[in-house]
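No lab work stands behind these numbers, since they all come straight from the coordinates. Note that the coordinates shown come from a computational prediction; the quantities given were computed from them, not determined experimentally. Reconstructed Cβ throughout: ideal geometry from the backbone, glycine too, with neighbour counts over all protein chains shown.
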Protein chains: 2
Amino acid sequence: MDGADLELQGLMRAIGHQARSAASALALMTPQQKDTGLRAAAQSLRASAQAILAANALDLKAAEDRGTAGSFLDRLRLDEARLESIAQAVEAIADLPDPVGRILARWSRPNGLTFERVATPLGVIGVIFESRPNVTADAGALCLKSGNASILRTGSESFRSASAIADAMRAGLQQAGIPANAIQLVPSKDRAAVGMMLQGLDQNIDVIVPRGGRSLVERVQAEARVPVFAHLEGLCHIYIDRSADLEMAKAIVRNAKLRRTGVCGAAETMLIDRACFATHAHPLVEMLINEGCEVRGDRAITALDPRIVPAQDQDWHTEYLAAIISVAMVDGLDGALEHIARYSSHHTDAIVTEDHATAERFLREVDSAIVLHNASTQFADGGEFGFGAEIGIATGRMHARGPVGVEQLTSFNYRVRGTGQIRP
Amino acid sequence: MDGADLELQGLMRAIGHQARSAASALALMTPQQKDTGLRAAAQSLRASAQAILAANALDLKAAEDRGTAGSFLDRLRLDEARLESIAQAVEAIADLPDPVGRILARWSRPNGLTFERVATPLGVIGVIFESRPNVTADAGALCLKSGNASILRTGSESFRSASAIADAMRAGLQQAGIPANAIQLVPSKDRAAVGMMLQGLDQNIDVIVPRGGRSLVERVQAEARVPVFAHLEGLCHIYIDRSADLEMAKAIVRNAKLRRTGVCGAAETMLIDRACFATHAHPLVEMLINEGCEVRGDRAITALDPRIVPAQDQDWHTEYLAAIISVAMVDGLDGALEHIARYSSHHTDAIVTEDHATAERFLREVDSAIVLHNASTQFADGGEFGFGAEIGIATGRMHARGPVGVEQLTSFNYRVRGTGQIRP
């Protein structure tokens, strides 16, 4: 290890220790203290608008000089209105019910012992993200609301913007009597810092949340030595059953595929029941093509329209995140279940049907974090679930699955009350 | 990789695939099907008594030939009565409420969507254990009850006994129409098989549960690439507050330390409030010494009795698992909280006090999986919690914390029902 690495390691270790110490303090704070801190952080974001926008202008200039694409610049850009939304989002998080201290279960035993399972913070959460500067505020606020300290690592493109946002929030927290180290932004652009976080900073990170593209999530999942809340991809299916209402199916498919094509809950594959193929397939595919969506189909589908591209095997594995959809005919519910079991990323899958028993079987048998009946896959979102906000969506089977909101950012312990009981 | 390793790898891969396939079938079984299978497995254990006891005799003979210690032989030994207890334990697991399909939460949104959070199996659970043959039956049954397939790896000393038990259970399952591969015992004693399990067998193991001594758990925690439900040690504290009832304190301390010294919930350190030191310290320490417990104390404690050994710094870090206790005087609740935060393994810690506010602060501020007021630390056990049985106790902060019973061996997903909702 050379001198620079050693210096970085010392820096990251100090960040880990500071986070753990802040987490211990946060775990004992009242809901009011945390909420006051979050509101002060929001106010401080507003008061620091000039500094934040100036930092953002430097990030934008550097990105433009590198010839960065317009869509990327748009994600990076802040203005007064966007900054106000960021501050309001922090206040909305303060307004959520406190997830810590909830009694998750309570029971007693014949010997008189009473048991409570109580929600507690997780500890320290490491968040690794790319270019959206608002993630700094969102992630920091969600972690703090749930009593956790956060260590945030932003992509280098938004480094100045994220630093200015973090500085403003920390100043607000401190004014409200919350340790500023409840939210820390890694002050180095060195990629080695990410590797150190993935090792857990001497057990001072309890969970890692990557927010970004596939390559980031892949690296995190491959290297992390601490639990990860993430999804690699959202290869979401929508199955049109023989009993589907055609107009409802069209509306749901249009929304699921095209409302926003770049989100993880966007549908990527449509499966059509052979039993309603004659009536439903052409109108559905026609609708998609007319809406500007490229359709890639199996043999039955390509026969419907010369504009349909034959699907390759790879298509069933592909999360397009674009106005492209793969479409296959399947043999009823069993065929749909088989296709989904084989290709789904276990994120979100939906059925459209008027048949209750078929819907219930689909909901029970599809092994995905979110399964829907007669609703768009784009509801796969913590806000739409009523969670207030989410730090991401997870497809792991442990702890957090589906949208990760403030409740999912908690752990629990058991509190047992007795009157002198000893074990026989 | 040489030929033998390649062969083992092929074998382990096949076990992984078989487990995944059994898990898919188990996930859709009714509670009745699973319970019938478990009862058939219990009956098959009884019917196979001769074969199981013969296999056990060979394990015992081999262990004796190696000059193994008596206590180890006792753990390994089976007889008719012990085998009957094993069969009854499997039936008791069948009698538990089914943890799969529980509605963990239910709510609806203003747009009419209804949400359910429903318990689902975890998938495939790898259990790595040492010499107790009953773990084969317990672990296999707990996993199956919660809809999971299990891959069991036993220590080589109990290999024949465990194999005979697994064979009997698999035969029972098969008769009841449950895939025999719901429970698989790794048929190789090669230690490399453990390493392969820790890598997750091509994502065909979802969680690893190590059951055994510290070196096993340490290896598993260091190497596992999948989540681990475990605790490394139970360094449990018992704090005697100024408001403690002395007689209650004596009974609880005696039980917490000496009921069984080798269990993870046994107390290892007693902390005595300076404010009641004059009245409580001597009787408590005297009681322990009279009961045959070695006491290692700080300066205040050693002054009480010449038989008390001065504690070294290492003592506060030591899980004795023997009739030895370390004892310190602390400055009230704050001193106790500080000591516990520094040395506790976050497993189980207890307070004895008649003061309600002090007790509540202890329960709230001690960051351990289990915290108790006026009760023995030896209640740290799934059976005592009313979980029916446990596969182990976990000290991680994710998913399973404290006793891991059948409910903790489940995951969940979200089932969303609509009437054509699309996202605006």
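Beta bridges from DSSP with both residues in chain A: antiparallel share about 30 percent, rounded to the nearest 5. Diffusion coefficient (Stokes-Einstein, Kirkwood radius over C-alpha pairs, 37 °C, 0.692 mPa s) for region B:130-211: 254 µm²/s, rounded to a whole number.
Just for region B:3-230, what percent of DSSP beta bridges are antiparallel, to the closest 5? The answer is about 25 percent antiparallel. Taken residue by residue and averaged, Cβ atoms of other chains lying within 10 Å of the Cβ of B:393-403 number 5. Each 5 Å bin from zero up to the one holding the largest Cα-Cα distance in region A:316-360 carries the following percent of pairs: 5, 17, 28, 27, 15, 7, 2. Ascending distances from the A:Gly112 label point to its copies in the other chains, with the point 7 Å along the Cα-to-beta-carbon line: 5.6 nm. Treating each Cα of region A:75-128 as an identical point scatterer and summing with the Debye formula, the log10 of I(q)/I(0) at q = 0.15, 0.16, 0.17, 0.23 Å⁻¹ comes to -0.71, -0.75, -0.80, -0.98. Given in Å, the Rg to one decimal and the Dmax to the nearest whole number for the Cα atoms of region B:3-230 are 18.5, 72. Based on Cα contacts under 8 Å between residues 6+ apart, chain A shows a relative contact order of 18 percent.
Each of A:Ile52, B:Ala357, A:Val327 was scored by the projection of its Cα onto the charge dipole of the protein assembly as shown, and the greatest displacement toward the positive side belongs to B:Ala357; charges sit on the C-beta of Lys, Arg, Asp and Glu. What's the whole-number percent of alpha carbon pairs in region A:384-424 lying beyond 16 angstrom? Value for region A:384-424: 53 percent of Cα pairs lie more than 16 Å apart.
Label points for B:Arg46 are taken 7 Å from Cα along Cα→Cβ. From this copy to the others they lie 7.4 nm apart, shortest first. Taking a virtual spin label 7 Å from the Cα of B:Phe72 along the C-beta vector, which residues in region B:137-164 bring their backbone nitrogen under 18 Å of it? Residues passing the 18 Å test: B:154-162. Over region B:236-384, all Cα pairs binned in 10 Å intervals from 0 give whole-percent P(r) values of 13, 49, 35, 3, 0, listed from short to long. When +1 charges are put on Lys and Arg Cβ atoms and -1 charges on Asp and Glu Cβ atoms, the dipole computed for chain A relative to its Cα centre reaches about 1560 debye.
Taken over region B:246-317, the percentage of Cα pairs per 10 Å bin, counting from 0 up to the bin with the maximum distance, is 19, 55, 26, 0. Taking region A:318-344 and a reference point 7 angstrom along Cα→Cβ of A:Gln312, the backbone N atoms nearer than 19 Å belong to A:318-328, A:343.
Counted over region A:94-209, the DSSP beta bridges are approximately 30% antiparallel. Fewest-first ordering of A:Val217, B:Val327 by other beta carbons within 10 Å of each residue's beta carbon gives A:Val217, B:Val327. Taking 20 °C and 1.002 mPa s as the conditions, I'd like the Stokes-Einstein D for region A:158-311 in µm²/s, using the Kirkwood hydrodynamic radius from alpha carbon pairs. My calculation gives 109 µm²/s for D. Between A:Ala54 and B:Arg299, the C-beta separation translates, for a Förster distance of 60 Å, into a calculated FRET efficiency of about 0.50. Panel note: the C-alpha atoms of region A:20-136, placed on their principal axes, show extents of 72, 26, 25 Å (largest first). Ellipsoid semi-axes for region A:201-289, based on the Cα gyration tensor and the rule √(5λ), read 39, 12, 10 Å when sorted largest first. Using alpha carbons only, the radius of gyration of region A:298-424 set against its Kirkwood radius gives Rg/Rh = 1.16.
Placing a label point 7 Å from Cα along the Cα-to-Cβ direction at A:Phe72 gives distances to the equivalent points in the other copies of 6.1 nm, listed shortest first.
Counting every other Cβ atom within 10 Å of each residue's Cβ, A:Glu84, A:Glu247 order from fewest to most as A:Glu247, A:Glu84.
Where chain B is carried onto chain A by rotation, the Cβ closest to that axis, with its residue and distance in Å, is B:His399, 2.
Helix-derived [θ] at 222 nm for chain A: sum -39500 (n - 2.57) over DSSP H runs of at least 4, divide by residue count, nearest 500? One gets -13000 deg cm²/dmol as the mean residue ellipticity at 222 nm. Convex hull of alpha carbon positions in the protein assembly as shown: directionally averaged projected area 39.0 nm². When the trypsin sites (Lys or Arg not before Pro) in region B:55-106 are filtered for DSSP coil states and for at most 13 other beta-carbon atoms within 10 Å of their beta-carbon, the remaining sites are B:Arg66.
Sparsely packed loop sites in region A:322-424 (the chymotrypsin sites (Phe, Trp or Tyr not before Pro) outside DSSP H, G, I, E and B with at most 12 other Cβ atoms within 10 Å) do not occur. A full extension of the chain between A:Glu80 and A:Asp5 corresponds to an added length of 23.2 nm, given 0.36 nm per residue minus the alpha carbon distance. With the convex hull of the Cα atoms taken as the outline of chain B, the averaged projected area works out to 25.8 nm².
Taking only the Cα atoms of region A:285-344, the radius of gyration and Dmax are 11.6, 31 Å.
Between amide H atoms placed 1.01 Å from N, distances below 5 Å from A:Ser150 occur with A:Ile125, A:Ile183, A:Gln184, all of them 5 or more places distant or on a separate chain.
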